[in-house]
1. Considering amide H positions built from the backbone, and no H for Pro or chain starts, which residues 5 or more places from Cys62, or on another chain, come under 5 Å of its amide H?
2. For Leu61, Leu97, which order do you get if you count the other beta carbons within 10 Å of each Cβ and list the fewest first?
3. Taking the Cβ-Cβ separation of Ala158 and Lys104 as r and a Förster radius of 30 Å, what is the calculated FRET efficiency to the nearest 0.05?
4. In whole Hz and in residue order, list the ³J(HN,Hα) couplings for segment 115-121 that follow from phi through the Karplus curve 6.51 cos²θ - 1.76 cosθ + 1.60, θ = phi - 60°; x for Gly and Pro.
5. Here are several values of Cα extents along the principal axes in Å: (1) 42, 33, 29; (2) 40, 39, 30; (3) 62, 29, 20. Which one was derived from the coordinates shown?
6. By counting other Cβ atoms within 10 Å of each Cβ, how are Val59, Val144 ranked from fewest to most?
7. Give me, ordered by chain and number, the residues 5 or more places off Leu29 or on other chains with an amide H under 5 Å from its own placed amide H.
8. What is the magnitude of the charge dipole of the chain about its Cα centre, with +1 placed on the Cβ of each Lys and Arg, -1 on the Cβ of each Asp and Glu, and no other charges, expressed in debye to the nearest 20?
Amino acid sequence: MIAYLKDNVTGEQSPISTILHYFRIGNNLHFKFICEDSKLFSAYSGYNEPIYKGDVCEVFLCTGEDIREYYEIEVAPNGASFFAKILNDNGLRVNFLEKSFESKVEITEKGYNVEITVPCEAIGVKDGVQIRFNAFRIETDGGVPERHLLALSPTLTASFHVPERFILFETI
């Protein structure tokens, strides 16, 4: 599937172009973000640091019946990454996980591309349960916190953590 990320707060088309390709091949989920109009600001460089304070691409994946429990994967333009299981129940509880996905970043003339490959076993995909997800991008314009918040399925708030806005992961 191919989609354009929209402004997360308004749901309208964003002036910051982000194209998302997502698909499943066998037991892997694939995501490719094509991010234009970026100043390539990375706030941190270590694993499981708060890289969301800079430019970043994010995928939230729910593989169970309870939408309050989901996985969060982030990758910054400098290649830093983040992987955690979230419990979104009257606040966020974060369980940091060892990296069990692959990511690749390519700097381009217009910005950067991020590719993420997630093995289904790393996120507990079970037969008969549909995967729900959302995809996001934060663009800080060189370090301005949360300057542009973009989403595949906008949450219509300043937060990405709205699992009711997740959509079904469908493939053609």
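1. Correct list: Tyr71, Arg132, Phe133.
2. So the residues, fewest neighbours to most, are Leu97, Leu61.
3. 0.50
4. Computed from phi, the couplings for segment 115-121 are 10, 10, 10, 10, x, 4, 5 Hz.
5. So the structure-derived entry is (1).
6. The order, fewest Cβ neighbours first, is Val144, Val59.
7. Long-range HN contacts for Leu29: Val118, Cys120.
8. Dipole size: approximately 40 debye.
Bear in mind that the values in this text are calculations on the coordinates, not laboratory data. Every value quoted in this text rests on a predicted model; they were computed, and no experiment measured them. Reconstructed Cβ throughout: ideal geometry from the backbone, glycine too, with neighbour counts over all protein chains shown.
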